[in-house]
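Notes follow once the structure below has been shown.
The values are calculated or read from the model by the stated rules, or taken from the named source; none is laboratory data. Computed from a prediction, not measured in an experiment: that's the story for all the values here. All Cβ positions, glycine included, derive from the backbone under ideal geometry; neighbour counts span all protein chains shown. Side chains included, ligands, DNA and RNA excluded: accessible areas come from the protein's heavy atoms. Shrake-Rupley method; radii C 1.70, N 1.55, O 1.52, S 1.80 Å.
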Amino acid sequence: MSTLMPPALSVLNRHTLADGRLGAAAAVELPTYDRAALVPGVVHLGLGAFHRAHQALVFDRLLQGGDRRWGVVGVAMRSTELADSLAAQDGLYAVQIADQDGARWQVSGSLLRTCVAGREPQSVVDALAAATTRWVTLTVTEKGYGEPLAKLLVDGLAARRAAAQGGLTIASCDNLSHNGLKLQKLCLDEAARRSDPFLTAWIETRCAFPNSMVDRIVPAATQQQRSDAAVALGVQDHGALATEAFWEWVIERRFADPADADVLAAVGVTVVDDVKPFEDAKLRMLNGSHTALALIGAVQGWPTVSDGVAIPAIRDFVHRYMTRMVMPLLKRPGGGAYRDALLARFANPALRHRVHQIASDSSLKIPLRWGPTLRESLAAGQGVEPLALATAVWFRYLQGVDEQGQTYEIADPRGVALQEIAKRHPNDAVGTVQALLAVTEAWDADLAIDERWMSRVVHWLERIQASNVDTALAELAALEERT
Ligand code: CS2
């Protein structure tokens, strides 16, 4: 007897978009512009979830407003799967935007085509050199800022110059401080290695590398989002994502085409002379808290950020960390409101943001997210307890097994080496802390010999090892009550 299978859903693509059936069951916002008339003006490197729910939607707004220049060529750096499934969907994908006020769906139309740098580097070079290209945006993560990226970009810029095209705005959108300056240096160093002074001068004078701060919480896509998308849209979408309503993009007023400042500002981008106060607030408050939450969650065994901030002791810890350690050092005004908004964003139950996702690459994130706060607090003689505890939690996390006895993978380029160090001194907090603070890629060299800092990390690691993170959090709360 044959089983009657339900008819397979069709896939999101330009035909299903055109036939008017999309989202019949729910409110879904669709591109209203003629995608065939769009110009590929942006090359984006790093086709992850973040770009597709952030810059790509800003470009979509510009396209909705009738400015056809913001179509995107999306470049995946290595992995082929997403780039190919998005290509099969004509670049269309849906984003669920959800928070306490409700949820809605939006289909983005800005992604025109995709390619994979590792598989077809020449396509990327051609796109960078194309006459219509005006912008390059990047989300290649902290570990992406190395030689392969420099080579790819400079190959493209050299081809562009050889073809006598105009300069570009090249905007890093990664969570690095001075991300534009870092990227510019990477490109200029690579051009210098090629001993081509004309290319160096061309990059210096024709290309703009604005520093920028981007913010939107976008967890890695899951099967759940694909199933929800199928229900909301009535078609299958292999690129479906979920995000929050909040987004922010603050960028310095340094563009190859100065008129872009007003164009971006009109759709909600904040254009400023100095991004530093915004970048500091975001990296130290949001990302700094995220990393602390992620490591505590991984060790205690709760799965997502919203699960964590629902626990009063965890919420209090993050609240106190931001209020006492981070906020006094910030220049962005409105610290209290920023903190409260962040706690509400962390609590968003629709996001299911996995702690192990955020804990990945911690050895690269911690120097950017905790390092400056720690340095400045120590220099000012201020308290450092929350970060000493968080650091001890990181060292405990490196054991690779949580407080329930569950083992987990440590996804970090230095993970194997760090885990080996963490396990070298079983039950010897002093030995562990000394060895791990001596890893100078993660900590300033002088921190490894700062007695006050070291003794506090040892204290918290001893507490955690003798008892657990909960006990340490309770002791810290009592300690801070008294001060
Ligand atoms: C997170 C960020 O994964 C992480 O490390 O801290 O991706 C964070 O969600 C974004 O920076 C929010 O803008």
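Brief remarks on what is shown
- Wholly within the stretch 137-249, helices (runs of 4 or more DSSP H) carrying at least 3 residues that are of a type in the set (K, R) and open to solvent by 40 Å² or more (accessible area, probe 1.4 Å): 179-193
- Per this entry, A298 is not counted among residues that are surrounded by 17 or more Cβ atoms within 10 Å (Cβ to Cβ), more than 12 Å from the ligand (Cβ to nearest atom), in a helix (DSSP H, G or I) and without any contact (Cβ under 8 Å) to a residue 24 or more places away in the chain.
- Residue list for the stretch 253-285, filter: within 16 Å of the ligand (Cβ to nearest atom) and out of contact with any Lys or Arg (no Cβ under 8 Å at 6 or more places or on another chain): V269, T270, V275, E279, K282
- Close contacts from the stretch 347-369, counting a first residue that is open to solvent by less than 20 Å² (accessible area, probe 1.4 Å) and hydroxyl-bearing (S, T, Y) and a second that is near the ligand (Cβ under 10 Å from one of its atoms) and at pLDDT 95 or above, with Cβ to Cβ under 8 Å and a gap of 6+ residues or different chains, come to S362/T291; S362/A294.
- The stretch 436-478: number of residues that are modelled with pLDDT of 95 or more, of a type in the set (G, A, S) and part of a helix (DSSP H, G or I): 6
- Condition broken by T141, with the remaining ones in (1) touching a Gly at 6+ places or on another chain (Cβ under 8 Å); (2) closer than 25 Å to V235 by Cβ satisfied: (2)
- Of everything in the stretch 286-295 that is among the hydrophobic types (A, V, I, L, M, F, W, C) and under 18 Å from A472 (Cβ atoms), the residue that is nearest to the ligand (Cβ to nearest atom) is A294.
- K276 meets the stated requirement of being under 23 Å from T141 (Cβ atoms) and either in contact (Cβ under 8 Å) with a residue 12 or more places away in the chain or of a type in the set (A, V, I, L, M, F, W, C) (or both).
- Some residue of the stretch 360-375 being over 21 Å from L447 (Cβ atoms), within 16 Å of the ligand (Cβ to nearest atom) and either of a type in the set (K, R) or at pLDDT 95 or above (or both): yes
- Residue match in the stretch 94-113 (condition: more than 16 Å from the ligand (Cβ to nearest atom), assigned to a helix (DSSP H, G or I), of a type outside the set (G, A, S) and under 30 Å from L199 (Cα atoms)): no
- Residues of the stretch 17-59 satisfying the condition of being modelled with pLDDT of 95 or more and polar (S, T, N, Q): Q55
- The listed residue being open to solvent by less than 30 Å² (accessible area, probe 1.4 Å), touching a His at 6+ places or on another chain (Cβ under 8 Å) and within 16 Å of the ligand (Cβ to nearest atom), out of Q55, Q89: Q55
- Residue that is open to solvent by 50 Å² or more (accessible area, probe 1.4 Å) and without any contact (Cβ under 8 Å) to a residue 12 or more places away in the chain, where the choices are A337, A266: A337
- Enumeration of residues in the stretch 199-226 that are touching a helix residue (DSSP H, G or I) at 6+ places or on another chain (Cβ under 9 Å) and within 16 Å of the ligand (Cβ to nearest atom): N211, S212, M213, V214, D215, R216, I217, V218, P219, A220, A221
- Per the listing S362, S377, the residue uniquely outside the structural domain of E142 (by TED's automatic domain parsing), under 30 Å from I97 (Cβ atoms) and of a type in the set (S, T, N, Q) is S362.
- Between A171, A150, the distinction of being assigned by TED's automatic domain parsing to the domain that holds W249, under 22 Å from the mean Cα position of the chain (by Cα), closer than 24 Å to V272 by Cα and of a type in the set (G, A, S) belongs to A171 only.
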